[in-house]
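The structure appears below as structure tokens.
The values are calculated or read from the model by the stated rules, or taken from the named source; none is laboratory data. Treat the numbers as computed from the prediction; the structure is a model and nothing was measured. Cβ placement follows ideal geometry from the backbone for every residue including glycine, while neighbour counts extend to all protein chains displayed.
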Amino acid sequence: MASILGEEPLSLTQELDLLAFGQRLKHLRRQRGLTLTELGERVGRAPSQLSLLENGKREPKLSLLKSLAAALNVPVEELLRRQAPNRRAQLEIALEEAQRDPLYSAIGLSRLKVSARVPNDVIEHILGLFQELKAREAKGTATPEEARAANVELRRKQRELGNYFEEIEKAAAEALAAVGYRAGALSESTVQALVSHFGFTVHTVQDLPRSARSVTDLRNRRIYLKREHLGGMHSPRTVLLQTLGHFALQHHRPRDFADFLRQRVEANYFAAAVLVPETAAVPYLCEAKQDRALSVEDLRDVFAVSYEMAAHRFTNLATRHLDLVCHFVRNDADGIIYKAYENDGIVFPADERGAIEGQRMCRQWSGRQVFRSPDRFSLYYQYSDSPTGTYFCVAHVDPSQEKDFAITLGVPYKESRWFRGRETTARTQSKCPGGDCCRRPAAELAQRWEGYAWPSARANSHVLTVLPPGSFPGVDEADLYAFLERHAAM
């Protein structure tokens, strides 16, 4: 973007918050009792040009920035600080940002230009009304039925693309190239370089809101993470890269639950594509296929990621680069499906709308059989006969702080020749999801106990819970903003 003088802008200001800069410039000028005309005379610029800077509508070039700092007798760094200089400036910045929001514009009100005569409490009142409007707009973004429909549509798109998202692969590759990544597992220094590349700093805290995995302060360009280590897909490094993914992919505030879900999946994909880069993973997997030794656990170990992420990443690359179709499932010990993907013809249990989340899988499938294995945390290989064919599956229980989940990767029988573990003799037969191979008791047992059993059922609370409201479902905004306020001055 060219400056108002037709010269190149300050190179360091690509990440400059122009609104904060303008407010700081105005504050320092008024603090020294200068008018725009008087300051303009000191730096050789017209008052109208300085007015554009103070209103956050133009970017300064380096020479002008130095001249302004000298005229105001402050270091250049003082003008570049992102924090608003006082409460009044903070309110004016917030109001300007609010008026740029599409929701505010949709009201149809004329633009409000705030003069020094407008009291702080009036601005606070307007901002309060706007925040309530945003909250009401966000509430009820989706019923549970709509949320399940959004999951169905997203899974359809993943199947259509072979779970390979070219634009996200490109964004991850560009980010890695920008920080000089070459090969192998991602080092801690490379992760830190990525954080700096996107203009953020990382702060670990003890009091992160319980409803958030990370919190990003866009005003001060800080990312807050928990100090404690979370396992699997929620390790601090993974959560950090998922957070950066939102900014690398230029996400905006979600419009509805479907948009929120899409953004979350894309951010997770970005993190996986950074931790297991396509340029490094594909040659490795192709060589493993040639050796007939494909395995998720090797991919996990080579790139130092969780088993679940390695399995996810395999599904991203398998169809595009290995000419393999496959399926992926994450379920708990009761067989409840939390997420799944398939493009190999396997049929998951589903409701009438096609949603699979919350459905119970057949007890003959490897994702449930692994919990019966003598060593449940070792890899479990199995061939499963089903109405749609025979599948070779490898399941692994990935422990977490909340509960244990089984991660299953499966392929059609004919593709088993490429995988390690294909010599297993474990084999089951399933008639599900349409059959009754596991849902009805044996006839002899039913005859003996029918009418003599009365269990006290455990409530399935997730079935009764309404979908959390808000643009970011489940996040407590009161807790979130209180957290940011506590840490903003630190």
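Annotations for the structure displayed:
- Looking across region 279-328, just one residue is acidic (Asp, Glu), over 22 Å from Ile356 (Cβ atoms) and in contact with a strand residue (DSSP E or B) (Cβ under 8 Å, 6 or more places away or on another chain), and that is Glu297.
- Helices (runs of 4 or more DSSP H) wholly inside region 114-221 that include at least 1 residues being under 27 Å from Leu244 (Cβ atoms), of a type outside the set (Gly, Ala, Ser) and assigned by TED's automatic domain parsing to the domain that holds His327: 144-160, 166-178, 188-197
- Meets criteria (touching a residue at least 24 places away in the same chain (Cβ under 8 Å) and either within 32 Å of the chain's Cα centre (by Cα) or within 27 Å of Arg255 (Cβ to Cβ) (or both)) for Ala94: yes
- Check on Val305, at pLDDT below 95, in contact with a helix residue (DSSP H, G or I) (Cβ under 6 Å, 6 or more places away or on another chain) and buried (at least 23 other Cβ atoms within 10 Å of the Cβ): yes
- Any hit, region 165-174, residues being of a type in the set (Asp, Glu), under 18 Å from the mean Cα position of the chain (by Cα) and surrounded by fewer than 18 Cβ atoms within 10 Å (Cβ to Cβ): yes
- Residue check, Ala311 in a helix (DSSP H, G or I) and at pLDDT 90 or above: yes
- Within region 360-411, being assigned to a loop (DSSP other than H, G, I, E, B), closer than 22 Å to Val347 by Cα and not polar (S, T, N, Q) holds for Met361, Cys362, Arg363, Trp365, Pro387.
- Any hit, region 371-380, residues being buried (at least 20 other Cβ atoms within 10 Å of the Cβ) and modelled with pLDDT of 95 or more: yes
- Any hit, region 238-250, residues being in contact (Cβ under 8 Å) with a residue 40 or more places away in the chain and over 30 Å from Ala94 (Cβ atoms): yes
- Helices (runs of 4 or more DSSP H) fully within region 436-490 counting 3 or more residues that are at pLDDT 70 or above and not β-branched (Val, Ile, Thr): 443-449, 477-488
- Look at (1) assigned to a helix (DSSP H, G or I); (2) surrounded by fewer than 20 Cβ atoms within 10 Å (Cβ to Cβ); (3) touching a Lys or Arg at 6+ places or on another chain (Cβ under 7 Å); (4) not aromatic (Phe, Trp, Tyr) and you find that Leu39 fails only one, number (2).
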